[in-house]
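Visitor: Sharing a structure here in structure tokens format.
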Amino acid sequence: MGRFTCDWIFNILVVLCDGKVVCGCADPKGERPLGHLRSASLDAIWRSEKVRRIRRELNAGSSGFCEPCGLKRALGEDEPAPQRPLDLEVLPRIFFEPTVVCNLDCFQAVCGSSAGLAASRERKFFPLEEFKSMLEGVGQRMIRLDFFNYGEPFVHPQALDMIEHVKRRYPNIYLYTSTNGLLFNEEKIARLARSGIDEVTFSVDGADPRTYERYRRGGDLARVLGSMAALVDEKRRLGREVPFINWRYILFRWNDSLWQMARARRLARQIGVDRLTWEITDHPPEAASRKYQPGRPAWKRIYHEIWDSSQIGSALRGKRFIARIRPGSRIAAARRGEKAALDVTVKNRGGAPWIIHSFSGRRWVRLGAQLHDKDGRLLDLNYARASLPRPLSGGESARVTIELPGLGQAGEYRLKLDMVSEGADWFANGGSPVVWLPFTVSD
């Protein structure tokens, strides 16, 4: 590859279970370390000269350090490399690997129990006290912690202790985990639900035992479905909106039939998960779904149901974030420096509940206005917000007034009206229609 760029080293570090720190999740054996926690803190590694050098090289359009990595993005022939700061004070996000050990032997997976990945780690489990120490320097300002990497996180005997520590000590961190869901019992489900964890994804790649076990070798479909259902029930009992519960289904050539996918939808509705999504893979090559590869017609039909397409898209019709937005006026106007107000009627057409407050401080729904210039170039993604007067269930409508801040420059602008699930995503990224309005600012 010639010129390329990458976002990872400007936003994320990955901590392996032996204390090695790497740049991205595409380095399963830790062969390109940025540092090690036995000799430097996470904050020191984030600010190190090695990391600054890689950022500098990426700003120039390539880095030798990144050549073997599959996460980089090729730059177009005339596309300039994005320019980002070399010195970043806050580490916003980490992927944390509690353990490299897995209880399954997934088909040709790099982290399967027979793949030998565990031999690449100096130790197999990250100690609880070391985990607490690691977060001391970065936790207060961190935005997100992904509690998984390679291995099954809940193989770690103190995984729940770690999760509880994060939400008790750093409640503002968005805490996310991904699991095969096979190691929970009633007590662990209750602890997970009470911990305050923000989001839990269950990986379940089939709607009947035979199909599911073709990839998840050693798995038990009934057990994982039972774990999902128990977590849904416990969340309801607590009266919380967290954890947000995903069912993620990797599409292979043996589980991509319309019948299998329809059955997964039915099971997901019965269990009551918040979201069902499909994941597209090209590994292992002989197992990959052919009809759902990117760009093909079948892929386009389910685009807004695919895991990577947005943070809120779903294959469950009754759990989608879809809005109808009707402004009272088809044009907005204001005088320079003065505020303006716009009356808008919004309707929940997707079925997912629109909440107006939350235990976690995230995923509550508001109307947003993005500011663009007259040619459609984005000027302010978060130009204005308006809260709903009450929660809205599927089919319900409400009238809101959104206040538009004054602008110092007269001219012709455009407003893009969309609903937003705060801390998650804009509805448009999940397939919801938006409304564009001309916005005139006069002297």
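The values are calculated or read from the model by the stated rules, or taken from the named source; none is laboratory data. All of these numbers come straight from a predicted model, not from anything done at the bench. Please note: Cβ atoms are built from the backbone with ideal geometry, for glycine as well, and neighbour counts cover all protein chains shown. In case anyone asks, the SASA skips ligands and DNA or RNA and just uses the protein heavy atoms, side chains included. Shrake-Rupley method; radii C 1.70, N 1.55, O 1.52, S 1.80 Å.
Visitor: Over what distance in Å are the Cα centres of region 8-56 and region 142-206 separated?
Guide: The distance from the Cα centre of region 8-56 to that of region 142-206 comes to 23 Å.
Visitor: To continue, here is another question. Could you check how many percent of all C-alpha pairs in region 100-150 are farther apart than 18 Å?
Guide: The share of Cα pairs beyond 18 Å in region 100-150 comes to 46 percent.
Visitor: Where the only charges are on Cβ atoms (+1 Lys, Arg; -1 Asp, Glu), what is the dipole of region 117-193 about its Cα centre, to the nearest 20 debye?
Guide: Numbers: 11 positive and 10 negative charges, 42 e Å.
I would put it at about 200 debye.
Visitor: Moving on to the next point. Report the charge-dipole magnitude of the chain in Debye, nearest 20, computed about the Cα centre from +1 at each Lys and Arg Cβ and -1 at each Asp and Glu Cβ.
Guide: Numbers: 69 positive and 53 negative charges, 245 e Å.
It comes to approximately 1180 debye.
Visitor: Average the reciprocal distances over every distinct pair of alpha-carbons in region 289-443, invert the result, and give the Kirkwood radius in Å. Show your work: numbers first, answer last.
Guide: Working: mean 1/r = 0.0605 Å⁻¹.
Result for region 289-443 stands at 16.5 Å.
Visitor: For region 281-360, run through the trypsin sites (Lys or Arg not before Pro) and keep only the ones in DSSP coil with at most 13 other Cβ atoms within 10 Å of their Cβ. Don't skip to the end; give the middle numbers.
Guide: Details: sites: 290, 291, 300, 301, 317, 319, 320, 324, 330, 335, 336, 339, 347, 349; in loops: 290, 291, 330, 336, 339, 349.
In loop regions of region 281-360 (DSSP not H, G, I, E or B), the sparsely surrounded trypsin sites (Lys or Arg not before Pro) are 290, 291, 330, 336, 339.
Visitor: Taking all protein chains in place and a 1.4 Å probe, what share, in percent, of the accessible surface of the chain do carbon and sulfur account for? Write out the running numbers ahead of the final one.
Guide: Values: 9510 of 19650 Å².
So the carbon and sulfur contribution to the accessible surface is 48 percent.
Visitor: Given DSSP loops and a limit of at most 12 other Cβ atoms within 10 Å, what is the longest stretch of the chain that contains no such GluC sites (Glu not before Pro)?
Guide: Working: sites that count: 31, 77, 89, 122, 286, 338.
Of all site-free stretches, the longest is 123-285.
Visitor: Next question. Find the accessible area per residue for the chain; the probe is 1.4 Å, ligands and nucleic acids are left out, and the unit is Å². Don't skip to the answer; put the middle values down first.
Guide: On the way: 19650 Å² over 443 residues.
Counting only protein heavy atoms, the per-residue value for the chain is 44 Å².
Visitor: Expressed as an acute angle from 0 to 90° and rounded to the nearest 10, what is the orientation of the C-alpha long axis of helix 49-60 relative to the principal long axis of the chain?
Guide: So the inclination is approximately 50 degrees.
Visitor: Now for a different question. Could you calculate the contour length gain from residue 39 to residue 120, that is, 0.36 nm times the residue separation minus the distance between their Cα atoms, to one decimal place in nm?
Guide: Additional length available on full extension: 27.3 nm.
Visitor: Only Lys, Arg, Asp and Glu count, each charged at its Cβ (+1, +1, -1, -1), so figure out the dipole size of region 83-146 about its Cα centre, rounded to 20 debye.
Guide: For this selection, approximately 120 debye.
Visitor: Cα axis of helix 159-169 to longest principal axis of the chain: angle in degrees, 0 to 90, nearest 10?
Guide: Helix 159-169 sits roughly 40 degrees off the main axis of the chain.
Visitor: For the pair residue 222/residue 390, report the inter-label distance in nm, with labels modelled 7 Å from Cα in the Cβ direction.
Guide: Taking the two extended label points, one gets 4.5 nm.
Visitor: Continuing with the same structure: Using a 1.4 angstrom probe and counting only protein chains, how large is the accessible area of residue 304 in Å², to 10?
Guide: 70 Å²
Visitor: Per residue Cα convex hull volume for region 166-285, in cubic angstrom?
Guide: Working: hull volume 13.0 nm³, N = 120.
Spread over its residues, the Cα hull of region 166-285 gives 109 Å³ apiece.
Visitor: Still on this structure, please answer the following. So how tilted is helix 258-271 from the main axis of the chain? Cα-based, degrees 0 to 90, rounded to 10.
Guide: Taking the Cα atoms of the chain, the angle to 258-271 is about 80 degrees.
Visitor: Okay, next question. What percent of all Cα-Cα pairs in region 1-56 falls into each 5 Å bin, going from 0 up to the bin containing the maximum distance?
Guide: Taking every Cα pair in region 1-56, the percentages come to 4, 19, 31, 26, 14, 4, 2, 0.
Visitor: Would you report the distance distribution of C-alpha pairs in region 1-140 as whole percents per 10 angstrom bin, up to the bin with the largest distance?
Guide: Bins of 10 Å from zero give 12, 39, 32, 16, 2 percent of pairs.
Visitor: Which of 300/347; 20/167; 291/374; 235/416; 50/72; 319/416 have a Cα-Cα distance over 28 Å?
Guide: Over 28 Å apart, Cα to Cα: 291/374; 235/416.
Visitor: Okay, moving on. Given N residues in region 65-151, what is its alpha carbon radius of gyration divided by 2.2 N^0.38 Å?
Guide: Values: Rg = 17.4 Å, N = 87, 2.2 N^0.38 = 12.0 Å.
That works out to 1.45 for region 65-151.
Visitor: Write down Rg/Rh for the chain, rounded to two decimals, with Rg from the C-alpha atoms and Rh from the Kirkwood relation over Cα pairs. Provide the component values of the computation, followed by the final result.
Guide: On the way: Rg = 23.1 Å, Rh = 23.8 Å.
Looking at the chain, the ratio lands at 0.97.
Visitor: So, one more: With a cut-off of 8 Å between alpha carbons and a minimum separation of six or more residues, what is the relative contact order of the chain in percent?
Guide: Details: 962 pairs, mean separation 43.9, N = 443.
So the answer I get is 10 percent.
Visitor: Sticking with this structure for a sec: Dipole of the chain (Lys/Arg Cβ +1, Asp/Glu Cβ -1, origin at the Cα centre): which of 204, 413, 153 lies farthest to the positive side?
Guide: 413
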